[in-house]
Amino acid sequence: MITATTLNGHPCRVLVVEDEALIAMLVEDMLHDGGGEMVGSAGTLADAVDLARTAQADVALLDLDLKGTLAYPAADVLRGRGMPLVFTSGYGSGALIQRFQDCPILDKPFDQHNLEQAIDMALRSQTHACNLG
């Protein structure tokens with residue numbers, strides 16, 4: 001069974017890309033409270049791309065705007081590895097470029113329920129796509 005907090009009975013492992021340290025800590029607390037775990041965090045695009053290449057996660061949560069730099073290069077690496085993506089943004093779903101329109105977007109500010117729903121949606125979408133292939 002897949003939920004936002006567990007994946008086949010194990011804690012869902014989430015890679016977090018967020019340039020605001022307080023928000024990253026809040027997300028980590030939300031994940032922990034829900035039974036999941038943050039396996040890595042990056043606050044800059046360079047760190048995000050490095051982490052995207054190596055992180056062992058079930059899903060990635062990416063802030064779209066990292067202090068004026070868009071997170072798409074990290075998202076491309078993660079998508080190339082087959083990792084489901086959730087974007088966070090204060091700009092709404094219209095902010096995503098075409099190739100990422102299929103990814104859930106979580107509008108800031110968000111709460112634990114919204115976070116879990118978005119992660120669940122990304123995991124289910126990825127599983128469905130894998131089952132079709």
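Note that the stretch 99-116 has calculated 3J(HN,Hα) couplings of 5, 10, 5, 7, 8, x, 10, 9, 6, 7, x, 10, 10, 4, 4, 5, 4, 5 Hz, one per residue in order, obtained from phi through the Karplus relation 6.51 cos²θ - 1.76 cosθ + 1.60 (θ = phi - 60°); glycine and proline are x. Based on DSSP H segments of at least four residues, each scored -39500 (n - 2.57), the chain has a per-residue ellipticity at 222 nm of -12500 deg cm²/dmol.
With contacts taken as Cα pairs under 8 Å and at least 6 residues apart, the chain reaches a relative contact order of 23 percent. DSSP bridge analysis restricted to the chain gives an antiparallel fraction near 25%, rounded to the nearest 5. For the stretch 52-109, the antiparallel share of DSSP beta bridges with both residues in that region comes to about 20%. Under the convention that each Lys and Arg Cβ holds +1 and each Asp and Glu Cβ holds -1, the size of the dipole of the chain around its Cα centre is about 540 debye.
Quick note: the coordinates plus some simple rules give every number you see, no bench work behind them. Because the structure is a prediction, the values reported are computed rather than measured. Here the Cβ is made from the backbone with ideal geometry for all residues, glycine too, and neighbour counts use every protein chain on show.
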